[in-house]
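Structure first, then comments.
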Amino acid sequence: MNRNFQRIPSQHMSKTIINVTIAGDSEIQELNKEYFNRDYPTDVLSFSLNETLEDGDYYLGDIIVNSDQAKKQASEYNNTYEEEIADLVSHGVLHLLGVHHPDDDEHSVHGVEVKS
């Protein structure tokens with residue numbers, strides 16, 4: 001993974017918001033198709049927002065975890081379902097902080113072209 005961490009302004013450290021949603025294969029596939037031009041489900045999606053809200057809170061972004069994939073992957077990785085959900089949330093947070101896979105860039109994610 002590329003470890004170029006994004007810095008969150010220090011005044012927001014105690015007021016940072018990350019929204020986590022649990023969805024299934026069909027919802028994730030829809031989002032993948034709409035935003036990344038990928039017509040298949042993945043285990044987690046992250047949408048970085050990085051904006052200061054009117055009340056001063058800092059909205060880092062949204063993470064959508066695929067519960068269907070988490071159920072399948074839990075046994076592969078010798079995790080419980082809950083542990084796999086936690087691992088996927090952690091993975092999503094890393095993406096929000098700017099840690100990406102080596103083959104990710106502004107044009108592709110995991111080597112798959114994304115919509116501009």
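At pLDDT below 90 and either in a helix (DSSP H, G or I) or hydroxyl-bearing (S, T, Y) (or both): does that describe S46?
The answer is no for S46.
Within the bounds of segment 44-53, is there any residue that is more than 20 Å from V93 (Cβ to Cβ) and out of contact with any helix residue (DSSP H, G or I) (no Cβ under 6 Å at 6 or more places or on another chain)? Looking for residues that are more than 20 Å from V93 (Cβ to Cβ) and out of contact with any helix residue (DSSP H, G or I) (no Cβ under 6 Å at 6 or more places or on another chain), one finds none in segment 44-53, hence no.
A quick yes/no check of all residues on (1) part of a loop (DSSP other than H, G, I, E, B); (2) over 19 Å from G98 (Cα atoms):
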residue	(1), (2)
R38	yes, yes
D55	yes, yes
L60	no, no
I64	no, no
K71	no, yes
S75	no, yes
N78	yes, yes
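The values are calculated or read from the model by the stated rules, or taken from the named source; none is laboratory data. Only a predicted model underlies this, so the values are computations on that prediction, with no experimental measurement involved. Neighbour counts run over all protein chains shown; Cβ positions are idealised from the backbone, glycine included.
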